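Quick notes on the structure that follows.
The values are calculated or read from the model by the stated rules, or taken from the named source; none is laboratory data. No experiment lies behind these values; they were computed from the predicted model shown. Positions of Cβ are backbone-derived with ideal geometry, glycine not excepted, and every protein chain shown enters the neighbour counts. Each accessible area value is taken on the protein alone, full model and side chains, heavy atoms only, with ligands, DNA and RNA left out. Shrake-Rupley method; radii C 1.70, N 1.55, O 1.52, S 1.80 Å.
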Amino acid sequence: MNEKYAILFPGQGSQYEDMGKDIINSNLYGSNIYKKLNTLVSKETAEIIINAQKEDISKTRYAQLAIFLNSVLLFEEVKKLDIDIVASAGLSLGEYSAICASEMIDIEEAIKLVDIRGQIMADGVAGKGSMIAVMRSDIDTIDAIIADIKKNTNNTDILLEICNLNSPAQIVVGGDFDALDIFEQKCKESGIKRTIRLDVEGPFHTSILKSSANVFGKTLNQLTFSKPKFDVYSNVDAISYKNEGITNNTVVEKLKTQMFSTVRFEDCIRKIINQGCNNFIEIGPGKALSAFVNKIDKNCTVHNVQTLQDLEELKMTLKK
């Protein structure tokens, strides 16, 4: 019996200098997509992504599309392998890579969609706060700290919310700058040994983006999503888009909601494992998702494909 595989796609923050250059310089399908990029998005955006200078592609406005392209175009090569792909999940932006990879949406439509999403999210959070990764704590403790801060502050409009449930070892909290300063101190007082202030442009996946999500919804409503070729698990509720009863309107609402709600990545991984799949391939820049999977279930096997060279190494590994 063939092994079952699940594909994982990274989110923002995993980009690196010269990302995608190996695909651009190849004779593969992905090279043609890069060549026609300036017909799908602005010429400025296309040039920035193709040049792939880290300072530029680290900006939300461009990072999302750059990572999406690198991920899905590498997947175009991975799917040529003789493996049984049964499921997929992505972290935040990565959900769009999973949706495109599963053929819920055409790649050219997806490029335009992700480009718009990056613009809207960048504008929606600019200067309004940041995010903190909390290591080796639990949701009850973090919920209690947040509730205590909100109860005792004089600012009734304080923004402080859980953004990501990534693994048993990492939960991410977003909020305005003052709230996060208090949150960091309260974590220390609660015995949490390590927190990391993330280098992001704002508090993604918090209610600050509700109005942005409504704007994005106008674009989503213009699209028609097909049933996926394999299970794709939603960040919002860890339910597969392949489930019966999920309509185009459902997909639109989930993607709108995803912008301002908690990313439940750990739940997505557990759903995949529960369906009998414990082999994962993380496709795209970085290895963060591999680390999350190993914290969720150390019995899982995870491969990484960040470059075409990694793909060749994966081919050799699968032949053994």
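In the chain, helices alone account for a calculated mean residue ellipticity at 222 nm of -14000 deg cm²/dmol, with every DSSP H run of four or more residues adding -39,500 (n - 2.57). From the convex hull of the Cα coordinates of region 178-282, what is the mean projected area in square nanometres? With every direction weighted equally, the projected area is 9.5 nm². Solvent-accessible area of region 220-320 (1.4 angstrom probe, protein heavy atoms only): carbon and sulfur portion equals 45 percent.
Ordering of 137-144, 86-93 by packing is 86-93, 137-144, highest average first (other Cβ atoms within 10 Å, averaged per residue).
Around Ala122, with a cut-off of 10 angstrom between Cβ atoms, what is the net charge of the other residues, counting Lys and Arg +1 and Asp and Glu -1?
Combined, the nearby Lys, Arg, Asp and Glu give +1.
In this rough spin-label picture, where each label sits 7 Å from Cα along the Cβ direction, the Glu313-Ile196 distance is 2.0 nm. Solvent-accessible surface of region 8-108, averaged per residue with a 1.4 angstrom probe and all protein chains in place: 37 square angstrom. In the chain, the DSSP beta bridges split such that about 50 percent are antiparallel, to the nearest 5. Using only alpha carbons, region 84-186 has a radius of gyration to Kirkwood radius ratio (Rg to Rh) of 1.08. With only the Cα atoms considered, region 1-149 has a convex hull volume of 151 Å³ per residue. Taking the longest Cα principal axis of the chain as reference, the axis of helix 265-274 is set at about 50 degrees. Round to a whole number: what % of the accessible area of region 118-182 belongs to carbon and sulfur, probe 1.4 Å? Taking all protein chains in place, region 118-182 shows 47 percent carbon and sulfur surface. Taking only the alpha carbons of region 103-159, we obtain Rg and Dmax values of 17.9, 49 Å in that order. Protection proxy ranking of 177-188, 111-122, by the mean of other Cβ atoms within 10 Å over each peptide's residues and highest first, is 111-122, 177-188.
Packing, taken as the mean count of other beta carbons within 10 Å per residue, orders the peptides 50-60, 287-297 from highest to lowest as 287-297, 50-60. Compared with the dominant principal axis of the Cα atoms in the chain, helix 248-258 is inclined by about 50°. Extent of the chain along its three principal axes (Cα atoms, max minus min coordinate, largest first): 59, 46, 41 Å.
Solvent-accessible surface of region 225-320, taken per residue with a 1.4 Å probe and all protein chains present: 46 Å².
The mean sequence separation of alpha-carbon pairs under 8 Å and at least six residues apart, normalised by the residue count of the chain, gives a relative contact order of 24 percent. Amide H contacts under 5 Å for Phe280: Ala6, Thr301, Val302, His303, restricted to partners 5 or more places along the chain or on a different chain, H placed in the peptide plane at 1.01 Å from N.
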